[in-house]
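These notes are about the structure you will find just below.
All of the numbers you see were taken from the coordinates with simple rules; none came from a lab. Predicted model, so just to flag it, every value in this text is computed and none were measured. As a convention, Cβ positions derive from the backbone with ideal geometry for all residues, glycine included, and neighbour counts pool all protein chains shown.
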Amino acid sequence: MSIYIRELARELTLHGAEVDIFSRTHGPRDSRIVTIAPHARLIHLDAGPPETPKDQLRNYIPEFIHNLQEFVYQENSQYDVIHSHYWLSALAGLPLARNWDIPHISTFHTLQMIKLMALPEERPDNTRAPSEEKIAKSTDAIIVSDSHEKEFLMHFYGVLPSRIHIVPCGVDTALFHPMDRSQSKQAIGTDGKPLVLFVGRLDPLKGTDLLLYAISMLNETSDSELLIVGGESQEEPEMERLKGLTKQLGLTDLVRFEGSIPHNKLPLYYNAAEVLVMPSYAESFGLTALEAMACGTPVIAARVGGLASLINDGSTGYLVPWHRPDAFAQRLEVLLTNPHLRDAMGKAALKRAEQLGWDKLAKRVLVIYKKLMEQFPESAIVTKQCVNYR
């Protein structure tokens, strides 16, 4: 989500907009104002102690709103549009849009009910789903990344289709592009074996354990290793659980836990890999898949959410309709042992990714902003957007 907001903000400024991104202060090293591009600022506001757990952040939304209004008053700023990201930010955006009489667009990025349908054993936040329904019914427009989320909002929350706009996520094709595979392998310290890659936060929803089971089923002729990129700490519970499963399956010599990697280093990993695997149980879009495709790397992914519209099954990779290790192992076996097929899929993946550069998508978002501004004539004073997120 942070990548989405940053890249969208940068591209919007190239088309004449000014963007202020408001976020909570997360620690003492957060500067009050950070310039992320000409005419785009990240502004940190106090809203509860920086170390506040995520499930308690809602308690500090009134403080966030108050401090945001104080900042705007002191700068004598005016905004044309509020674009909120995530449900907590939208709860701040709703009263601000009403007070300022300007349009409010919301992007959820993930919805709790979709997550619970995918993993019903997860402990729900009892306030989140009702809040998301309120937001869906109250904002002037909703931007979603795929038709699956649009259909969900229409069916479960009764949102009119005319209020929902599908704009897929984008990719920075200047950063993510094909590179020499053998040199990339050397740069990240792998020994040249076929490399299976997973990139993402370590969360049961991502299905990383399913991938470990799939790796354990591969025929010895594949001679591959698995690299898991993600996880803020080597001691976090999900990391420890996955490491325990790796040992239990006898994969210790075949699996490497890389931890968190700076975003600008990820192209090396995508280019070093023969295939990226995303066995997620739910995925609003799947930016990781798009980044890999932009590097010419095919993707094997679960047929869920935005992945189903991003990946062309059998052309740019494979979509797996069942969350079963053997189904993923079968497709891995095919790609790892067929370099000509793998290269053909990689070329098709690259061609698909080139259609989703941020420039094209920012233009589509700007059209949505301007159409809404026409419905709020008093707001069309300056060309500034106000974007709120966690």
- Where in the chain are the DSSP H helices whose C-alpha atoms run 24 Å or more along the long axis and whose mean Kyte hydropathy is at least -1.0? 358-375
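So for region 181-356: antiparallel DSSP bridges make up what percent, rounded to the nearest 5?
5 percent
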- Item | Arg24 long-range amide H proximity, modeled H, under 5 Å | Leu45
- Query: Mind checking which lysines have their C-alpha under 26 Å from Lys370, skipping anything on the same chain fewer than 8 residues away?
  - Reply: Lys134, Lys137, Lys150, Lys360, Lys384
- 5 angstrom amide H check on Tyr318, placed H, neighbours 5+ away: Val299, Ile300, Ala301
- Message: For the pairs Lys206/Lys363; Lys54/Lys115; Lys193/Lys247, flag any whose C-alpha to C-alpha distance is greater than 23 Å.
- Response: Lys206/Lys363
- Query: Packing-wise, with mean Cβ within 10 Å as the measure, how do 268-274, 242-248, 338-344 rank, highest first?
  - Reply: 268-274, 242-248, 338-344
- Note on the structure: In terms of the charge dipole of the chain, which places +1 on Lys and Arg and -1 on Asp and Glu at the beta carbon, the residue among His83, Pro130, Leu251 farthest towards the positive end is His83
- Query: How many angstrom lie between the C-alpha centres of region 1-48 and region 316-359?
  - Reply: 34 Å
- Note on the structure: The long-range amide H neighbours of Gly259, using H built 1.01 Å from N in the peptide plane and a cut-off of under 5 Å, are Gly230
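Two decimals, Cα atoms only, Kirkwood Rh: what is Rg/Rh over the chain?
0.98
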